Ligand code: SF4
């Protein structure tokens, strides 16, 4: 499998946020900055971020593609309603956790770090058990980029 140079460059943000974030939760704001960037980008270029720049996408392509059993992805992953349920669950949980921080800057950063860790673990489990990019079929941020990209057209 051939990787893009941009993916190799971006890959390093994943350990920086998931491991570095455990020691310095402020690194969680990188997730927020990336979200603002790719949601804006998706208006013009759809899911360009996913295939070229996303650190987790790069990790799944470069590392997990070698560890995957390459089994069929559950059919439900292709259903729109299922993707939106995952989106609503993840975003509500994220909002709930941010509200609970009471506005504490460090705690908000830690929320983003922990969400990144949890979703990365899920993507690894799914990637091994099915196809390496199966998480991307239901990733809430992928669903949102898809929607914004379609709306702009
Ligand atoms: S679907 Fe999610 S995890 Fe996959 S590349 Fe896009 S933003 Fe990254």
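Take the Cα of residue 125, step 7 Å toward its Cβ, do the same at residue 36, and the gap between the two points is 3.3 nm. Relative to one another, the C-alpha centroids of the stretch 36-100 and the stretch 103-153 are positioned 4 Å apart.
Classify the stretch 5-152 as rounded, prolate or oblate from the Cα gyration tensor: take a ≥ b ≥ c as the square roots of its eigenvalues, call it rounded if a/c is under 1.5, otherwise prolate when a/b beats b/c and oblate if not. Because its axes are fairly even, with a/c under 1.5, the stretch 5-152 counts as rounded. Counting neighbouring beta carbons within 10 Å and listing from fewest to most, the residues 80, 132 come out as 80, 132. Given springs between every Cα pair under 10 Å in a Gaussian network model of the chain, which of 74, 15, 55 has the largest fluctuation? In this elastic network of the chain, the residue with the biggest mean-square fluctuation among 74, 15, 55 is 74. Rounded to 0.05, the FRET efficiency of the residue 2 and residue 150 pair, given R0 = 41 Å and the Cβ-Cβ distance, is 0.90. For the chain, the mean residue ellipticity at 222 nm estimated from helices alone is -21000 deg cm²/dmol, where every DSSP H run of n ≥ 4 contributes -39500 (n - 2.57) and the total is divided by all residues, rounded to the nearest 500.
Relative contact order of the chain, taken over Cα pairs closer than 8 Å and 6 or more residues apart, is 38 percent. Working from label points 7 Å from Cα in the Cα-to-Cβ sense, the residue 71 to residue 94 distance is 2.9 nm. Residue exposure proxy: 130, 78, ordered by other Cβ atoms within 10 angstrom of their Cβ from fewest to most, comes out as 78, 130.
Values in this text are rule-based calculations from the coordinates and carry no lab data. No experiment lies behind these values; they were computed from the predicted model shown. Here Cβ is always computed from backbone atoms with ideal geometry, including for glycine, and neighbour counts include all displayed protein chains.
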